[in-house]
1. Test of understanding: among I36, I62, which residue is part of a strand (DSSP E or B) and open to solvent by 30 Å² or more (accessible area, probe 1.4 Å)?
2. Out of E200, E214, E132, E127, report the one residue that is modelled with pLDDT of 95 or more, open to solvent by 70 Å² or more (accessible area, probe 1.4 Å), farther than 27 Å from K82 by Cα and out of contact with any Gly (no Cβ under 8 Å at 6 or more places or on another chain).
3. Report whether or not S71 is touching an Asp or Glu at 6+ places or on another chain (Cβ under 7 Å) and small (G, A, S).
4. Could you tell me whether any residue of segment 48-57 is under 29 Å from M193 (Cα atoms) and open to solvent by less than 40 Å² (accessible area, probe 1.4 Å)?
5. Within segment 71-87, can you find the residues that are open to solvent by less than 30 Å² (accessible area, probe 1.4 Å) and outside any helix (DSSP H, G or I)?
6. Which one is modelled with the lowest pLDDT among residues in segment 23-71 that are out of contact with any Ser or Thr (no Cβ under 7 Å at 6 or more places or on another chain) and β-branched (V, I, T)?
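The values are calculated or read from the model by the stated rules, or taken from the named source; none is laboratory data. Source: prediction; values computed, not measured. We place every Cβ from the backbone using ideal geometry, glycine too, and count neighbours over all the protein chains shown. Side chains included, ligands, DNA and RNA excluded: accessible areas come from the protein's heavy atoms. Shrake-Rupley method; radii C 1.70, N 1.55, O 1.52, S 1.80 Å.
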Amino acid sequence: MQSEQPILKLYYLDTLGRGEPIRMLLNHAKIPFEDIRSDIHEFEEFKKKIGPKFEFGQVPVIETSDGELYSQSLSIMRLLGKWYGYYPQDPIAAWKVDSLLDASGDLMEKYWHFAILEFIPDGYTPESVIAERLQEFLDTHLPQYLTVVQDRLRKNVNSKFMVGDTVTLAEFTSAQVAFNYLMNENNKHGKLMSEVLGREEFKEIKAYYMNLKEDIFKEYFETHRKNCQHPF
């Protein structure tokens, strides 16, 4: 890419989900972009209107002013990170960032596995099974994730950041986990997840999350964040 980046279009749902860290990154980098959203229940019609832009039949997708299209959320994040300085050049630092992105993605997949069925029922999964998966998430998957990322934070040189002493892609995905899910009052399970995060044992990672909202991404949360019932 040239040093002067073109204005971008972001295609996603009118939800937080995988599109929100991309929105946050572009906002933080002061990159103008068109935020094109589809209602979650009208996505099939949205795809028909947009046509072949969605090569895998899904979003997010970004489009540059010269018509180039880029898909897959984490690949988009890494691309934008390299364009705008949020992806470390050092291989070990890059691994640290990548592993945190992947771990956050794994956690969200475990959540989506059952939670999305409450928004868009599949017609055959019993409510009792969804309740069991929720409890497993709260008892096992979420505490395990918080323990690991808090340990990473403790080992870093600066407690405001996950890797190094500046904003990387890890901050955007950390904000995604924290404020799309764990501390999102519009998320049906947000209160339960917030209670796990609120335990004394997780006070350091919670302080890190709050600093993202109140300092690093303060301008975004105050002026650009769009509250939405669907965290997906």
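1. I36
2. The match here is E200.
3. Taking the combined requirement at face value, the residue satisfies it.
4. Applying the first criterion (under 29 Å from M193 (Cα atoms)) to segment 48-57 yields none.
Checked segment 48-57: no residue is under 29 Å from M193 (Cα atoms) and open to solvent by less than 40 Å² (accessible area, probe 1.4 Å).
5. So in segment 71-87, the residues open to solvent by less than 30 Å² (accessible area, probe 1.4 Å) come out as 71, 73, 76-77, 80-81, 86.
Passing the criteria: S71, Y86.
6. Filtering segment 23-71 for residues that are out of contact with any Ser or Thr (no Cβ under 7 Å at 6 or more places or on another chain) and β-branched (V, I, T), the one modelled with the lowest pLDDT comes out as I50.
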